[in-house]
2 protein chains.
Amino acid sequence: MMKDAAAPERGRTGRPPRTSRAQILGAARELIDDEGWERLTMRKLAARAGVAPTTLYHHVRDREELLAALLDDYADRIPRRELPRQPVERILAAATVMHDALAGWPWLVEVLTADDLIGDAALWMVEAIVDAAMEHGCPADEAVHLYRSIWYYTVGEILVRANADRKRAELDRPAYRDTVFRRLDKPELPRLSAIAGCWPALCAEDTYLQGLRALVEGLLTK
Amino acid sequence: MMKDAAAPERGRTGRPPRTSRAQILGAARELIDDEGWERLTMRKLAARAGVAPTTLYHHVRDREELLAALLDDYADRIPRRELPRQPVERILAAATVMHDALAGWPWLVEVLTADDLIGDAALWMVEAIVDAAMEHGCPADEAVHLYRSIWYYTVGEILVRANADRKRAELDRPAYRDTVFRRLDKPELPRLSAIAGCWPALCAEDTYLQGLRALVEGLLTK
DNA sequence: GCTAGTTTTCGAACATGTTCGAAAACTCGA
DNA sequence: TCGAGTTTTCGAACATGTTCGAAAACTAGC
């Protein structure tokens, strides 16, 4: 029977491993640094690690788990910035750290939607938010709701933006938004027609920050 | 030169098409109804439509565009519910319609992140939100920010929940959250340890509604 | 040293999305 | 009627993630 690949527990017998999980993760990081994450294929990774493609699957469950492991690894190296004392500001700061860290690795898009948490290494950010909410007077369940709202909002912003960027770069087709707005000369949507011009100019970063503050303050002053 | 596949403009000459885009979309809908969207492959779709797989690519750009077309089609059939007069309530109602419609077809997950809009057919929901915000006194740019915040939040919630469901069903592995929480007996995160028990019990739907209201009210009373 | 058991490795193969180039089927003008 | 141009169709093939089964390489007990 095969032991858990994540915790090999070098118990006794067996063929000596020529490859380790850490080795594979390292090779993956190199490859991503060199070519970008879109070009990380299992075959290339295997080649760089010097093994057959199928060997990888003895050390990671699949490509997605590999990316998740990389994310957790990455989150572990996010510097734990000093956070403000005031609860609301502390929540905003922690959320911003989380947001910026995730936005910095937009290639982990697929992993972000696994649940309302990412790996162990990022738990201090979650704790910071929950803790501040409770210090502000929230009961436990509302603190969780607050955190989770922030998570939805943050993940949504990152996924939408990263994906839009990717598509625009991919085959320089116009932004989807533009193809929709181009047909807006029809008169049945007057308000949208009037706005369509200013729409694309509005920075998504601004939207994120304003919305985040509104979300947090709205949930705390209930 | 090949004309735009989306707008064939039956101008003049050429081999008579045995296949139409509408036919393909119809076959796709059937297939999804029969087997679920996860099992919609281009090859199966071609088989049901009675053509070679490669033929599909003359009528849709790729699988993603096909899904997007299906979504737009679907959005077109969302009944345009009567919305409340009061602006804040109208925004909440419109957002809820949008949310429920998208959540009802979680298989369109990949398309949702294309931009901050979906197809033409759903524009009335966008218009409803923007219009209500401006009626409430928002300038145009803030109305757009508001809409976009709602979009991020909604998309985030749907993607996270749909993806978590999918993974849990896929190979009945435990929720990612649980594997993280299981290691929470370490004492360095006391607040989280205390909360971990109640966390999974909190309904995501509740989180969504509370957060939505907070977001909207927070942004409007600025 | 030999055998049984275990772990790691890998080649073959499959499913899937997609590209490419050529063939088929048609229209129009000469 | 015929050839040029155009649109549609399709078979072959490729890249990629992944599974499967068998072979390789080792340890422990006899």
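The values are calculated or read from the model by the stated rules, or taken from the named source; none is laboratory data. Just so you know, these numbers come straight off a predicted model, no measurement behind them. Backbone-built Cβ (ideal geometry, glycine too); neighbour counts: all protein chains shown.
Numbers at a glance
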quantity: Hey, A:A140 facing chain B (nearest Cβ under 7 Å) and under 30 Å from B:D62 (Cα atoms) or not; calculated: no
quantity: Selection count where residues are polar (S, T, N, Q) and within 16 Å of DNA strand D (Cβ to nearest atom), scope the range B:44-93; calculated: 2
quantity: Tabulated pairs, the range A:122-144, first touching a residue at least 60 places away in the same chain (Cβ under 8 Å), second hydroxyl-bearing (S, T, Y) and surrounded by fewer than 24 Cβ atoms within 10 Å (Cβ to Cβ), C-beta under 8 angstrom, 6+ apart or interchain; calculated: none
quantity: Lone unmet requirement of (1) within 16 Å of DNA strand C (Cβ to nearest atom); (2) within 14 Å of chain A (Cβ to nearest Cβ) for B:P87; calculated: (1)
quantity: Positions within the range A:150-167 being more than 7 Å from chain B (Cβ to nearest Cβ) and charged (D, E, K, R), in sequence order; calculated: A:R161, A:D165, A:R166
quantity: Helices (runs of 4 or more DSSP H) fully within the range B:15-114 counting 1 or more residues that are surrounded by fewer than 13 Cβ atoms within 10 Å (Cβ to Cβ) and at positive phi; calculated: none
quantity: Residue list for the range B:18-45, filter: among the aliphatic types (A, V, I, L, M) and either near DNA strand C (Cβ under 8 Å from one of its atoms) or within 20 Å of the chain's Cα centre (by Cα) (or both); calculated: B:L25, B:A28, B:L31, B:I32, B:L40, B:M42, B:L45
quantity: Complete set of residues in the range B:69-88 that are of a type in the set (G, A, S) and at pLDDT 90 or above; calculated: B:A69
